[in-house]
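Step one of this worksheet: look at the structure below.
The values are calculated or read from the model by the stated rules, or taken from the named source; none is laboratory data. Just so it is clear, the model here is predicted, and its values are computed rather than measured. No Cβ is skipped: glycine too gets one built from the backbone with ideal geometry, and neighbour counts run over all protein chains shown. Accessible surface is based on the protein model in full, side chains and every heavy atom, while ligands, DNA and RNA are left aside. Shrake-Rupley method; radii C 1.70, N 1.55, O 1.52, S 1.80 Å.
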Amino acid sequence: MWHQNDYRRIFMDMHLNDSNSEEYLSKLDVDNFVARLKEADASSIVVKAKSHVGLHYWPSKYGRMHEGLKRRDLDYVGEMVKKCHENGINVIVYLSQIYDNYAYDNHPAWRMVNAKGETSREDGSRYGLVCPNNLEYRQYVREILQELNTLYQFEGMLLDMPFWPEICYCDSCRERFFRETGHDLPRKIDWDDPIWVEYAHRRQRWMEEFMMENTKAVKEIRSEVTIEHNFAAVGTSDWYGGDTEKGLAACDYAGGDYYGGYLQQSFMCKYYNSVTPNKPFCYITSRCDPSLFFHTVSRSRDDLLIHAIDALMHNGAFSICDAMNPDGTITDEMYEGDIKDVFAQMKPLEKYVSGNMLADAAVLYHTEQKSEKNYIQSPFNAADVLREYNILFNVIGCKNLKGLRTQVLSINDVPVLSDEEMDDIERYIRNGGNLLITGHLGHKRLEELLGIRITGKSEYSYSYLNPTKAGAKLFKTFTKASPYPIEHYAWMSEVTEDGAEMLATLSFPYTKPGSRDFAAIHSNPPGIHTEMPGAIRRKVGEGSILWVCAPLELTKATHCREALCALFRSLMKGTLLTSNAHEFVETLLWEKDGCRYLGVINQQAKTPVYPISGITVTFPEVIKNVTTLTTDGKTPELTIENGSTTLHLPTLDVFQMYCLDETH
């Protein structure tokens, strides 16, 4: 596919109205835009065809063309495709789905309807939302997609907004749910109600169907065009968005836009790298700092570079989402300066990536039922601890459970696991893998493997882990007087079989949090101590399971993070590397074509970054050669002792990349 060697991308954002057609897009200069892309050495550009406003940037027989372009007789899509190809730049054509003001205004029957019977623009919102279950709207999208692919020759399409912005009670949704289930649409969010759960999953399947239909509409005309449905909502919205890992069946590669900082990027890049159908995936963030809402301020050079290298070292393309001014002008100086410099540093390293990431631990991000508020915070916090303590890890999806080879699998408060997922997990454990699971036991078989029986969910919204003698070294600073605190309910259980090791018991506060009766007015100190399992470990086959009865990863105090790290390490027999790098330094290891590569990124929150000295990375084997792959980097000093090799890294500015074992 064309995108396999395409890592330097620009995404020109232009959701522009035409209420002032004499001004809006009056200064759009395609020749200048393409010249700036070429000067920056961009490998591809996302060309808007239809934005959230719903206006077309090409002369279409459907909908309405933007008046600012129409009055200039400018086919923006056609001109961009032609001139980008003349300059060796790939083109990805963008189309907004569901967010469509033109369709909303001109087809009232297509509109989403909320539980109050209102549509999206009645409260003054700028966004017109139309429902993907409306068959006329689906046909409208199909016709537009097929027209674009008939008129123009481009490499890919980015189909945006494939998620539910709200719970829709339009006629199309109500009729479809009744036709498929025999029930009216439920009005109360209740995860104990099977009809509600059925509705939540139906919404997911409906969205996946909509995505697949639009992909097929393109492939029927030009099968070689790649499809990227914007997959960002899988990491930013809970159950109501309806996005799951299964939506990737409609995509040629995973991609999405994020604005939450380096930790979020690290987590999502690892997840995308694991679940993408093809590499590279695409990580998108804005030229504007910190997001497109701040239209006139650009990110610093170091900030863009950190984002770019983090995507690249995770096997991803980096796409800068720029914001066009309403008159059609762009920030020329960014393409002549910082963007050009960032792309220049990426380009020579691209041949070393898209390999196999190496890790000691895997964190499961489960997207099928995001019913818990901590649906992403729990796995995110677990990943954050692994990163802080320099334990190499991946973030995986459910499809990656098959054949998993990491020493530890972390499953954090996942409410439901399918039978197929449970089969993969049990096979992993029996073959020597180690499961660290917190909170929910999402499948009945896990109770059987642990030798326990869940008796219920605690009525307390605060829980404590009271270390036993066996668990004292893991919960090092915690005691019965000062147990490990978790601001979350716990799952109560009883032991049904011998052979498990109790690491902590479960304790509760004196009184229920929130009640008028309290022991201490500001806090909920422990006062009720039980013999119920708080943390329990049991050997299963060649591996083991360690279960904690509440999501302990939600507590972020230093000593709590140390305890979680100790739990991870207790399930490992050594690690791929050890390092003294600071918590904001990302360390990555991968292999490609018989070589191993080490990447180190200085992800300080504020830029320009402060150079870091004294970082060491130790491998438990002898490494004979280390080659620095960055042009301004120095080769690290090597110390070999007792069969281990320590790399003494030179002062780290923003990043370094090294090849291990072999000279390039």
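Condition (residue is under 31 Å from the mean Cα position of the chain (by Cα), farther than 21 Å from residue 417 by Cα and of a type in the set (A, V, I, L, M)) applied to the range 481-494: is it met by at least one residue? Scanning the range 481-494 turns up at least one residue that is under 31 Å from the mean Cα position of the chain (by Cα), farther than 21 Å from residue 417 by Cα and of a type in the set (A, V, I, L, M). Looking at the range 471-571, the strands (runs of 3 or more DSSP E) lying wholly inside it that each contain 1 or more residues that are at pLDDT 95 or above and over 15 Å from residue 438 (Cβ atoms) sit at 491-495, 501-509, 526-540, 543-548.
Does residue 569 satisfy the criteria of being over 27 Å from residue 280 (Cβ atoms), of a type in the set (D, E, K, R) and buried (at least 21 other Cβ atoms within 10 Å of the Cβ)? No; evaluated as a whole, the condition is false for this residue. Exactly one residue out of 339, 376, 396 is under 30 Å from residue 37 (Cα atoms), of a type in the set (A, V, I, L, M, F, W, C) and touching a helix residue (DSSP H, G or I) at 6+ places or on another chain (Cβ under 9 Å), and it is 339.
Checked against the criterion of being in contact with an Asp or Glu (Cβ under 9 Å, 6 or more places away or on another chain) and either among the aliphatic types (A, V, I, L, M) or under 21 Å from residue 557 (Cβ atoms) (or both), the candidates 511, 479, 505 yield just one match: 505. Taking the criterion of being closer than 30 Å to residue 568 by Cβ, out of contact with any Lys or Arg (no Cβ under 9 Å at 6 or more places or on another chain) and open to solvent by 20 Å² or more (accessible area, probe 1.4 Å), the residues of the range 497-526 that qualify are 498, 513, 523, 525. The residues of the range 416-470 that are assigned to a loop (DSSP other than H, G, I, E, B), surrounded by 23 or more Cβ atoms within 10 Å (Cβ to Cβ) and among the small types (Gly, Ala, Ser), listed by number, are 433, 439. If you go through the range 22-34 one residue at a time, do you hit one that is closer than 30 Å to residue 347 by Cβ and under 33 Å from the mean Cα position of the chain (by Cα)? Yes, the conditions are met somewhere in the range 22-34.
Filtering the range 21-44 to residues that are in contact (Cβ under 8 Å) with a residue 60 or more places away in the chain, surrounded by fewer than 21 Cβ atoms within 10 Å (Cβ to Cβ) and either in contact with a strand residue (DSSP E or B) (Cβ under 6 Å, 6 or more places away or on another chain) or assigned to a loop (DSSP other than H, G, I, E, B) (or both) leaves 23, 26, 27, 29, 41.
Residues in the range 46-63 that are farther than 9 Å from residue 96 by Cβ and basic (Lys, Arg): 61 alone. Scanning the range 127-155 for residues that are in a loop (DSSP other than H, G, I, E, B) and free of Cβ contacts under 8 Å to residues at least 24 places away in the same chain gives no hits. Out of the residues in the range 45-77 meeting the condition of being of a type in the set (Val, Ile, Thr) and farther than 15 Å from residue 160 by Cβ, tell me which one is surrounded by the most Cβ atoms within 10 Å (Cβ to Cβ). If we take residues in the range 45-77 being of a type in the set (Val, Ile, Thr) and farther than 15 Å from residue 160 by Cβ, then 77 is surrounded by the most Cβ atoms within 10 Å (Cβ to Cβ).
The set of residues from the range 294-328 being more than 15 Å from residue 48 (Cβ to Cβ), assigned to a loop (DSSP other than H, G, I, E, B) and open to solvent by 10 Å² or more (accessible area, probe 1.4 Å) comprises 294, 295, 296, 297, 299, 300, 327. The set of residues in the range 102-125 that are among the charged types (D, E, K, R) and in contact (Cβ under 8 Å) with a residue 12 or more places away in the chain comprises 105, 111, 121. The set of residues from the range 4-20 being within 18 Å of residue 346 (Cα to Cα), of a type outside the set (D, E, K, R), open to solvent by less than 30 Å² (accessible area, probe 1.4 Å) and not in a loop (DSSP other than H, G, I, E, B) comprises 10, 11. Among the residues of the range 572-593, those that are in contact with a Leu (Cβ under 7 Å, 6 or more places away or on another chain) and open to solvent by 40 Å² or more (accessible area, probe 1.4 Å) comprise 576, 591. Quick check, is residue 210 open to solvent by less than 10 Å² (accessible area, probe 1.4 Å), of a type outside the set (A, V, I, L, M) and farther than 21 Å from residue 46 by Cα? Taking the combined requirement at face value, the residue satisfies it. If you scan the range 81-124, which residues turn out to be assigned to a loop (DSSP other than H, G, I, E, B), open to solvent by less than 10 Å² (accessible area, probe 1.4 Å) and not polar (S, T, N, Q)? Matches in the range 81-124: 89, 98, 100, 112. Regarding the range 187-206, can at least one residue be identified that is open to solvent by less than 10 Å² (accessible area, probe 1.4 Å), more than 15 Å from the chain's Cα centre (by Cα), small (Gly, Ala, Ser) and farther than 28 Å from residue 392 by Cβ? Yes, some residue in the range 187-206 is open to solvent by less than 10 Å² (accessible area, probe 1.4 Å), more than 15 Å from the chain's Cα centre (by Cα), small (Gly, Ala, Ser) and farther than 28 Å from residue 392 by Cβ. Going by the structure shown, is residue 158 hydrophobic (A, V, I, L, M, F, W, C) and farther than 15 Å from residue 131 by Cβ? Yes; evaluated as a whole, the condition is true for this residue.
Might you check whether a residue that is modelled with pLDDT of 95 or more, buried (at least 17 other Cβ atoms within 10 Å of the Cβ) and farther than 30 Å from residue 366 by Cβ occurs anywhere in the range 248-271? No - not one qualifying residue is present in the range 248-271. Each residue in the range 365-390 was checked for being farther than 17 Å from residue 274 by Cβ and not basic (Lys, Arg), and 13 pass. Of note, residue 2 does not satisfy the criterion of being of a type in the set (Phe, Trp, Tyr), in contact with a helix residue (DSSP H, G or I) (Cβ under 8 Å, 6 or more places away or on another chain) and in contact (Cβ under 8 Å) with a residue 60 or more places away in the chain. If you go through the range 597-624 and keep only what is within 23 Å of the chain's Cα centre (by Cα) and either open to solvent by less than 80 Å² (accessible area, probe 1.4 Å) or in contact (Cβ under 8 Å) with a residue 60 or more places away in the chain (or both), you end up with 598, 599, 600, 601, 602, 603, 604, 605. Scoring residue 77 on the criteria (1) out of contact with any Leu (no Cβ under 8 Å at 6 or more places or on another chain); (2) of a type in the set (A, V, I, L, M); (3) in a helix (DSSP H, G or I) leaves a single failure, condition (1).
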